[in-house]
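Scroll down for the structure; my scribbles are underneath it.
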Amino acid sequence: MTVSVQAPPNSDQQEIYRLLDSARLNGSEDKYTGKRRHTRYNVGLACELTTDPAKPSKQWFVSLHNLSGGGFACWSKTQLKPRTRIFLREFAPENPGAWISGQVCHCTPGLRGYLIGAIFENPVSGDGASSAVPTAVPTAARPPRPQVPPAYARVQLPTRHI
């Protein structure tokens, strides 16, 4: 008999779980699920971002816009190119958290600077929710929509002769 054992989460995933717990308590769940695999939470959390965690001079402050088990979006005054490797951590002067590695997907100019969307290099499986926290309804559980022909298919438009 083969028993499958799930590997323990690495430090990136442990930090993601910690941030997700904070987002569940302090943020609000995004009701739009769409094609997402993870529940997204809207949060306004002060964080630090860097391209090199070994150099404190390369760190700057960002405002976390939203967070999920697969990635995040934040507002930054610094523009980054897509596919840039970045590191994120919650800002805490006394006890800074561990750096979470990710990769920039997009960097869009906006009123608050640049909205940076990134995916985690080591995303969590599922959305990291405990059984007590409701998750989004999977699309397979939703009832199918009735197939109705569009209204324009049933109407004959008049032709005009010149």
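Residue separation of ASN26 and ASN42 scaled by 0.36 nm, minus their Cα-Cα distance, works out to 4.9 nm of gained length. Count Lys and Arg as plus one, Asp and Glu as minus one, and take only other residues whose Cβ is under 14 Å from that of PRO56; the net charge is then +1.
Note on SER101 and THR84: the extension gain reaches 5.1 nm, defined as 0.36 nm multiplied by sequence separation minus the Cα-Cα distance. Within the shell of other residues whose beta carbon sits under 13 angstrom from the beta carbon of THR84, the net charge comes to +2, with Lys and Arg scored +1 and Asp and Glu -1.
Once backbone amide H atoms are built at 1.01 Å from N, THR84 has VAL104 as its partners under 5 Å, excluding neighbours fewer than 5 places away on the same chain.
Bear in mind that the values in this text are calculations on the coordinates, not laboratory data. No experiment lies behind these values; they were computed from the predicted model shown. For neighbour counting, all protein chains shown are included, and Cβ atoms are generated from backbone atoms with ideal geometry for every residue, glycine included.
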